[in-house]
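Colleague: Below you'll find the structure I mean.
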Amino acid sequence: MWNKATDPEESFRDKAIWWSAGIVIAAAIAIGVYYRYYSPGPSTPAPQPAVAPQPTAPPTPAIQHPIPPSAEQQQAPLPPLDQSDSVVRDSLIGLLGKPAVAKFLVPHQIIRDAVVTVDNLPRKKVAAELRPLQPTPGDTVVDTQGGSTILSQQNYARYSSLMDVVNSVDPKTLAAIYFRLYPLFQQAYENLGYPGKYFNDRLVQSIDSLLATPDVPGPIYLVRPKVFYQFADPKLEALPAGQKLLIRMGPQNAGIIKAKLQQFRDVITAQPPQMSPPPAQAAPPPQPAPPPPADNSATQASPLPPGTQAKPSSPPL
């Protein structure tokens, strides 16, 4: 049993100790309550703005119909595009003769006008003032049946002189001239508004459009809403400009032109397309070495630990 303190000083000291202990305990409890309920929680980082993915540039289209590499190795440098008419004219004179070139060829901006016309042939209209050939002489010849107007077969004869020139063209020789002058065609095509595009691909597209011209049996009815005649059949009038030109020339003339175009196309598409190189294929895993022949006379000790497979050396690259 505890004895009560008899000394007043000792009694005061005991009370001071207990009061100090109580104050410490109360302070500890207050600090705990403050941090439990009133202290701020851990700071949350501010959300970062989402970064929009950067748009990737579209891949450059592969060249579908490259010209032969040997054609790019010129024997003599070509003149600038704006000064190339004499070179083009002389080249065509060697192919067609001087009278034909003088009669049918527009002698200025030959390359530029040829590129514009090739680009427009599969479209709705061709700019008449930019054609590299002189206009066909005479007016469109028509016949009248009752109250209808039809395209006369005599109209096809208007192209007889031009067809004589077409029949005389050797497609391989024409392609050789085209290959030699190709840098000028390519430059004119890019200047037309097609940077990074390949003119020979567009030429092949135009040829394919002409080859797809339908054979239209007569009679071919016409209408004349304004100055020029148009096909009365809306389906014919909606055809590309190049196809409508072949129809106006008549089926026989169109057949001759198609045959020459097909031969010319075969020459300018002889090279395989320039496609992107295929990804490198992983080398096949090495095959395990064949086991050595069994020796019945004695068992050979293996220098490798049990369960270890010997691997053959890598083949030379």
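Let's see how each residue does on (1) in contact with a helix residue (DSSP H, G or I) (Cβ under 7 Å, 6 or more places away or on another chain); (2) in a helix (DSSP H, G or I):
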site: Ala176; (1), (2): no, yes
site: Tyr194; (1), (2): no, no
site: Asn200; (1), (2): yes, yes
site: Gln205; (1), (2): no, yes
site: Ser209; (1), (2): yes, yes
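Colleague: Please tell me if Leu151 is surrounded by 18 or more Cβ atoms within 10 Å (Cβ to Cβ), in contact with a strand residue (DSSP E or B) (Cβ under 7 Å, 6 or more places away or on another chain), under 24 Å from Lys258 (Cα atoms) and not polar (S, T, N, Q).
Modeller: Criteria met by Leu151.
Colleague: Next up: Could you list, in sequence order, all residues of the range 107-130 that are assigned to a loop (DSSP other than H, G, I, E, B) and more than 20 Å from Val227 (Cα to Cα)?
Modeller: Pro107, His108, Gln109, Leu121, Pro122, Arg123
Colleague: State whether one or more residues within the range 148-165 are hydroxyl-bearing (Ser, Thr, Tyr) and in a strand (DSSP E or B).
Modeller: yes
Colleague: Would you mention how many residues in the range 218-228 are part of a loop (DSSP other than H, G, I, E, B) and surrounded by 14 or more Cβ atoms within 10 Å (Cβ to Cβ)?
Modeller: Residues that pass the stated criteria total 2.
Colleague: Could you grab me the full set of residues in the range 134-148 that are touching a Phe, Trp or Tyr at 6+ places or on another chain (Cβ under 8 Å) and either surrounded by 15 or more Cβ atoms within 10 Å (Cβ to Cβ) or β-branched (Val, Ile, Thr) (or both)?
Modeller: Thr136, Thr140, Val142
Colleague: Determine whether the range 139-146 contains at least one residue that is over 24 Å from Pro66 (Cβ atoms) and either among the aliphatic types (A, V, I, L, M) or in contact with an Asp or Glu (Cβ under 9 Å, 6 or more places away or on another chain) (or both).
Modeller: Yes: one or more hits.
Colleague: Step by step: first the residues of the range 111-139, then only those that are among the small types (Gly, Ala, Ser) and at pLDDT below 95, then the one that is nearest to Ala100 (Cα to Cα). Which residue is that?
Modeller: So, considering only residues that are among the small types (Gly, Ala, Ser) and at pLDDT below 95, the one nearest to Ala100 (Cα to Cα) is Gly138.
Colleague: Within the range 253-270, is even one residue out of contact with any Gly (no Cβ under 8 Å at 6 or more places or on another chain), assigned to a loop (DSSP other than H, G, I, E, B) and not polar (S, T, N, Q)? Full working, then the answer.
Modeller: Residues of the range 253-270 that are out of contact with any Gly (no Cβ under 8 Å at 6 or more places or on another chain), as a first pass: 253-270.
Adding the requirement that they be assigned to a loop (DSSP other than H, G, I, E, B) leaves 269-270.
With not polar (S, T, N, Q) added as a condition, the list becomes 270.
Yes - at least one qualifying residue is present in the range 253-270.
Colleague: Which residue is modelled with the highest pLDDT, if the candidates are limited to the range 60-78 and must be of a type outside the set (D, E, K, R) and outside any loop (DSSP other than H, G, I, E, B)?
Modeller: In this case the residue turns out to be Ile63.
Colleague: Follow-up. When you look at Phe231, is it under 20 Å from Ile63 (Cα atoms), surrounded by 16 or more Cβ atoms within 10 Å (Cβ to Cβ) and not aliphatic (A, V, I, L, M), yes or no?
Modeller: Judged against the criteria, Phe231 is not a match.
Colleague: Can you find even one residue in the range 171-179 that is surrounded by fewer than 15 Cβ atoms within 10 Å (Cβ to Cβ), of a type outside the set (A, V, I, L, M, F, W, C), at pLDDT 95 or above and at negative phi?
Modeller: yes
Colleague: Going through the range 178-192 one residue at a time, which ones are among the hydrophobic types (A, V, I, L, M, F, W, C) and in a helix (DSSP H, G or I)? Before the answer, list the steps.
Modeller: Of the residues in the range 178-192, the ones among the hydrophobic types (A, V, I, L, M, F, W, C) are 179, 181, 184-185, 188, 192.
Phe179, Leu184, Phe185, Ala188 - these are the residues of the range 178-192 that are among the hydrophobic types (A, V, I, L, M, F, W, C) and in a helix (DSSP H, G or I).
Colleague: Residue by residue through the range 230-282, note down the ones that are modelled with pLDDT of 95 or more and among the hydroxyl-bearing types (Ser, Thr, Tyr).
Modeller: Of everything in the range 230-282, just one residue is modelled with pLDDT of 95 or more and among the hydroxyl-bearing types (Ser, Thr, Tyr), namely Thr269.
Per-residue answers, yes or no, for (1) under 21 Å from Asn200 (Cβ atoms); (2) among the small types (Gly, Ala, Ser):
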| site | (1), (2) |
| --- | --- |
| Val118 | yes, no |
| Val126 | yes, no |
| Pro132 | yes, no |
| Pro137 | no, no |
| Gln153 | no, no |
| Ser160 | no, yes |
| Met163 | no, no |
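Colleague: For the range 232-243, give me each residue that is within 35 Å of the chain's Cα centre (by Cα) and over 11 Å from Ala212 (Cα atoms).
Modeller: Hits for the range 232-243 are Pro234, Lys235, Leu236, Glu237, Ala238, Ala241.
Colleague: Please determine whether any residue of the range 79-100 is at pLDDT below 95, of a type in the set (Gly, Ala, Ser) and either surrounded by fewer than 11 Cβ atoms within 10 Å (Cβ to Cβ) or outside any helix (DSSP H, G or I) (or both).
Modeller: The answer is no; no qualifying residue exists.
The values are calculated or read from the model by the stated rules, or taken from the named source; none is laboratory data. This is a predicted model, so every value here is computed, not measured. Quick reminder, even Gly has a Cβ in these numbers, built from the backbone with ideal geometry, and neighbours come from all protein chains shown.
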